[in-house]
Amino acid sequence: MSLTSTAYKEAETHPDYRRNFTAGWVHGTFFQMSSAFGNIQTVLPAFVTFLTPSTVVIGLMATIQGVGEIIPQLFTAHLIDGQPRKKNYLLGIITWRWIAWALLAWLTFKYGVTRPGLVLVVLIVLFSSFSLAGGMGSVVYADIFSRAIPAQRRGRFSSAKQIGGFALAILAGWIVKNILDSGSTFPFPTNFSLIFALSAVTLAVAFVGFALIREPVSHAPRQNHSIREMLRQGTTLVKTNPNLRLFLISRAVIGMTVGMASFYVVYARNDLGVSAGAVGLFLTAQMAGAAVSNILWGWLADGYGNKTVIVGTMVTAGLTAVFALTLPAFYLPAYVIVFILLGAMLSGWRIGYNNFVLEMAPKKIRAACVAWQNTLIAPVTLLPLIAGALLSSISFTTIFVVQLGLIMIGLIASLRLKDPRHTPAGICT
């Protein structure tokens, strides 16, 4: 038996492997379906347009999501560092998130027409707590599954989870389209209330899946004694490592682009006059683009390194902005291509940037490096808010042109990156 075959056989006999694989798959796939029902690039911006004509709120929510994903990560990494079990942290986070969606569904149904201002305020408050909880959960999740699923089976687990998750997310897009198209059966606010309730239900199913996981005890000692120490290590690396600086420029630009993505659906609703049901079609297109491109990004990452994924993601971001500017003038239905490319960009962003920083970072501080790279680019999360405020006096076209210019800067930085897989100069030391 080969060494590889022996490793796979050991993985199959790993304590609780099959149980954790199945439970983790249920959690991951239904979590992705829930995220589709509450998608920040399509569903939530469309919902906000029913509550207020202000584009500032759209930018604010994109900023909240960016801040929520970034700010808690260093704190969470420090909090769980050295602790033998972390499962209860994530169970608490998931519980709050599905309760928040259920509460929003009820408030939308009861007050969406009579008190839209109240619903908008509650949406912002709940979304803020939701985003902060998600930022904490991503750190805990990565740590737990690094122990719950053996290394020899993580590829298979991730692939199965992604296939199932994308299938359910595409189904969610079809459901959203049918709900929003059925104005007589599901008028506002019943339509969005139902969508948010579905997000809560599917997230509750994801909770059950995660609750069934048996978390192995961690015996790793504490590596970082304070958040200040973690920040000092991160800033020192930035000063001494030019490759890390290039990476942060590229990461900042793609982070800005992800934050600005919410404006594509607002532009379609406000300036192009597309129907509410088109939002579901855009969501389906986004999930399909993410699913198909995921195969390409994985192949490029394994065969040529994560730099190629980063460059490809940046090119895709540029094409998304170009097509948003040009397609509606030629053939409005072709605007769906923007969301196919948006899905591909989001998929490449998650694969390329996350894996690049893991390969670039020394093993002992790898978890902290993930938190650093997000914390150090925190200022870019304000750009969507600024853009939303400016849209009262400038056009969407101007915003997209400026965005395209920043993407060109990000592309130059990405092309100059040294892939740590192929050159020692690309590794942080």
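The values are calculated or read from the model by the stated rules, or taken from the named source; none is laboratory data. For clarity, every value in this text was computed on a predicted model and none was experimentally measured. Backbone-built Cβ (ideal geometry, glycine too); neighbour counts: all protein chains shown.
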Mind listing whichever residues of the range 371-423 are part of a helix (DSSP H, G or I) and among the small types (Gly, Ala, Ser)?
ALA371, ALA378, ALA387, GLY388, ALA389, GLY405, GLY410, ALA413, SER414
Options VAL238, VAL253; residue that is within 30 Å of GLN403 (Cα to Cα), at pLDDT 90 or above and under 27 Å from the mean Cα position of the chain (by Cα):
VAL253
Pairs needed: first member in the range 31-46, farther than 16 Å from TRP174 by Cβ; second member anywhere, part of a loop (DSSP other than H, G, I, E, B); C-beta distance under 6 Å; at least 6 residues apart or different chains.
GLN41/ALA261
Which residues, counting only those in the range 384-399, are buried (at least 16 other Cβ atoms within 10 Å of the Cβ) and out of contact with any Asp or Glu (no Cβ under 8 Å at 6 or more places or on another chain)?
PRO384, LEU385, ALA387, GLY388, LEU390, LEU391, ILE399
Residue by residue through the range 72-105, note down the ones that are aliphatic (A, V, I, L, M) and either more than 21 Å from the chain's Cα centre (by Cα) or modelled with pLDDT of 70 or more (or both).
LEU79, ILE80, LEU90, LEU91, ILE93, ILE94, ILE99, ALA100, ALA102, LEU103, LEU104, ALA105
Taking the criterion of being closer than 22 Å to PHE196 by Cβ, modelled with pLDDT of 90 or more and outside any helix (DSSP H, G or I), would at least one residue in the range 123-141 satisfy it?
no
Contact list, first residue from the range 294-306 and under 12 Å from GLY348 (Cβ atoms), second anywhere and in a helix (DSSP H, G or I) and small (Gly, Ala, Ser), beta-carbon distance below 7 Å, six or more apart or interchain, is ASN294/SER347; TRP297/SER347; TRP297/GLY348; TRP297/GLY352; LEU300/GLY312; ALA301/GLY352; ASN306/GLY352
Give the residues of the range 285-307 that are over 26 Å from TYR264 (Cα atoms), of a type outside the set (Phe, Trp, Tyr) and part of a helix (DSSP H, G or I), sorted by residue number.
GLY298, LEU300, ALA301, ASP302, GLY303, ASN306, LYS307
Given the conditions (1) within 25 Å of ALA288 (Cα to Cα); (2) modelled with pLDDT of 80 or more, and given that VAL380 satisfies all but one, which numbered condition is not satisfied?
(1)
Just for the range 309-337: of the residues that are β-branched (Val, Ile, Thr) and under 18 Å from the mean Cα position of the chain (by Cα), which one is surrounded by the most Cβ atoms within 10 Å (Cβ to Cβ)?
ILE310
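Residues are listed down the side, and each one gets a yes or a no for (1) assigned to a helix (DSSP H, G or I); (2) under 30 Å from ARG214 (Cβ atoms); (3) touching a residue at least 24 places away in the same chain (Cβ under 8 Å); (4) of a type in the set (Gly, Ala, Ser):
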position: LEU103; (1), (2), (3), (4): yes, no, no, no
position: LYS110; (1), (2), (3), (4): yes, no, no, no
position: VAL113; (1), (2), (3), (4): no, no, yes, no
position: PHE166; (1), (2), (3), (4): yes, yes, yes, no
position: ASN191; (1), (2), (3), (4): yes, no, yes, no
